[in-house]
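Beneath this line is the structure, given in structure tokens, with notes to follow.
The values are calculated or read from the model by the stated rules, or taken from the named source; none is laboratory data. Remember, it's a predicted structure, so these values are computed and weren't measured experimentally. For neighbour counting, all protein chains shown are included, and Cβ atoms are generated from backbone atoms with ideal geometry for every residue, glycine included. To get the accessible areas, we keep the full protein, side chains included, count just its heavy atoms, and leave off ligands, DNA and RNA. Shrake-Rupley method; radii C 1.70, N 1.55, O 1.52, S 1.80 Å.
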Amino acid sequence: MMSIKNYFYFLLFLFFISCHNIERKYNTLYLSTSNGDMYSINLKKEKLNWKISGNKDTDEITYFTILDSIIYRTYCDGRIIELNKVSGKINWEYNDKVSPDQSSYGYDFSDVDFLLFYQYPIVFGKSIIFANSHGELKSIDIQTKKTNWTNQYPFPIQSSPIIYKNYLAVSLASNVSIIDPHTGKGIMYVDSQNSIYNEVIKDEKFFYSVDEHGIVLCMDEKDVQWQYTPEKKLYITNNLVIDENNVFYGRDEIVCLDKLSGTKKWQIRVCKIEFPKSDEEVLGNKHFLIPNEEYLEAIETNFDDLVANTEHYILLINKNNGKLTKRKYFSNRKIVGKVNYVNSFFYYLCSDNNLYKIDTKLQNESIVLKDVHYKTDRNLDETFMVFE
């Protein structure tokens, strides 16, 4: 018979297990689209809190960082704004410009448009840190808007830096650099030899990068922990994600690596045109996922299965073996950007300008919000979502 003491420990164990399995509930979605619009959406009421319309020409996705009650948002045309996340009111606007002393470095950017490529920006202490297409990585004081430091590079910077521990990590052309965010001084860099378009990603111990040919590096602030080189070039420009045990990335193929060792667990092609179209013939297959020629748009890891999407498909894939478990096909509309999992639903924007959610069985779909606009002249259609 179980003693009172052991019974107490047993109940305590059950409590911790139940707490671990409770999903965090999110109340608000902050969404930006590639035409410059930004939305705050009440997920419980499925109503709009506020909207900021893109009031200038914008044709690429704009990112943002949320810190307490403040949102810091960049625009590709060089603007950075601070706004109140509750009201949507803009507190101030800063316009980035090329530093006056850049010409002294002899770098020529005359054929490169001045843009902030995919910058959040990063908030570090009382400063914001970001990069531009004219090779500048800079730190700006939030209050005074004065420049703390600027690093000059002879090439456009095409992804945002991140804060890793107390360091700054950033992809710079063909290398990944570790920089002191207080001073801008370089600490370490790792050369990949191929271009890196992705921003680096991190967990508590390490950070990771993938270059354009699919070579993945796992690093800390001192050295490379492991490197994975695929058997053939994969041509990667985005979609590097991690979960507790795995590294995933891909475009026309999805690769799963062991996060600890860098060993490949599985690899699967996204599409094959002549493959059977019925779910009965494709479910459980480990070689192809869809019958149409579409590339991977995004990968989501916050669900039990790996959630991948193309323009017309949501795909649920077993993380352990790469086999397809479920899929949803959209014949009359496209998915714009990434499918995100929160509150036991998948959320996504579609080309009919509606924000949708669908249950985890991929059966029951409903509209969360109508008239969410994204379209641009260059068809660089994308979304960026943050849930709170």
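Looking only at residues that are open to solvent by less than 100 Å² (accessible area, probe 1.4 Å), modelled with pLDDT under 95 and not in a strand (DSSP E or B) in the stretch 19-51, which one is farthest from Thr65 (Cα to Cα)?
Result: Cys19.
So which strands (runs of 3 or more DSSP E) stay within the stretch 193-278 end to end and still have 1 or more residues that are among the polar types (S, T, N, Q)?
Details: elements: 207-210, 216-219, 224-228, 240-242, 246-250, 253-258, 264-269.
The qualifying strands (runs of 3 or more DSSP E) are 207-210, 224-228, 246-250, 264-269.
Looking at the stretch 179-189 only, could you name the residues that are part of a strand (DSSP E or B) and either open to solvent by 20 Å² or more (accessible area, probe 1.4 Å) or small (Gly, Ala, Ser) (or both)? Before you say what the answer is, go through the steps one by one.
Within the stretch 179-189, the first condition is being part of a strand (DSSP E or B), and the residues that meet it are 179, 186-189.
Listed by number, the residues that qualify are Gly186, Ile187, Met188, Tyr189.
Only one of Phe345, Phe387 is under 15 Å from Leu43 (Cβ atoms), open to solvent by 50 Å² or more (accessible area, probe 1.4 Å) and of a type in the set (Phe, Trp, Tyr). Can you tell me which?
Working: Phe387 fails: open to solvent by 50 Å² or more (accessible area, probe 1.4 Å).
From the options Phe345, Phe387, the qualifying one is Phe345.
Test each condition in (1) modelled with pLDDT of 85 or more; (2) open to solvent by less than 10 Å² (accessible area, probe 1.4 Å) for Ile70 and report the one that comes out false.
(2)
Tally the residues that are assigned to a strand (DSSP E or B) and open to solvent by less than 10 Å² (accessible area, probe 1.4 Å), restricting the search to the stretch 314-341. Reasoning before the result, please.
First, pick out the residues of the stretch 314-341 that are assigned to a strand (DSSP E or B): 314-317, 324-329, 335-341.
With open to solvent by less than 10 Å² (accessible area, probe 1.4 Å) added as a condition, the list becomes 314-317, 324, 335-337, 339.
Here the count works out to 9.
Among the residues of the stretch 267-295 satisfying the criterion of being open to solvent by less than 10 Å² (accessible area, probe 1.4 Å) and closer than 22 Å to Tyr235 by Cβ, which is modelled with the highest pLDDT? Spell out the reasoning first.
First, the residues of the stretch 267-295 that are open to solvent by less than 10 Å² (accessible area, probe 1.4 Å): 268, 270, 282, 289-291.
So of that shortlist, the ones also closer than 22 Å to Tyr235 by Cβ come out as 268, 270, 289-291.
Values: Ile268: 90, Val270: 86, Leu289: 76, Ile290: 80, Pro291: 73.
Among those residues, the one meeting the criterion is Ile268.
Could you list, in sequence order, all residues of the stretch 99-118 that are in contact with a strand residue (DSSP E or B) (Cβ under 6 Å, 6 or more places away or on another chain) and open to solvent by 70 Å² or more (accessible area, probe 1.4 Å)?
Tyr105
Identify all residues within the stretch 119-156 that are open to solvent by 10 Å² or more (accessible area, probe 1.4 Å), free of Cβ contacts under 8 Å to residues at least 60 places away in the same chain and outside any strand (DSSP E or B); write none if there are none.
To start, the set of residues in the stretch 119-156 that are open to solvent by 10 Å² or more (accessible area, probe 1.4 Å) comprises 120, 122-127, 134, 141-156.
Next, from what is left, pick out any that are free of Cβ contacts under 8 Å to residues at least 60 places away in the same chain: 120, 122-127, 134, 141, 143-156.
The answer is Tyr120, Gly125, Lys126, His134, Gln143, Thr144, Lys145, Lys146, Tyr153, Pro154, Phe155, Pro156.
Which condition does Asp96 not pass, out of (1) open to solvent by 20 Å² or more (accessible area, probe 1.4 Å); (2) touching a strand residue (DSSP E or B) at 6+ places or on another chain (Cβ under 8 Å); (3) among the charged types (D, E, K, R), if it passes all the others?
Answer for Asp96: the failing condition is (1).
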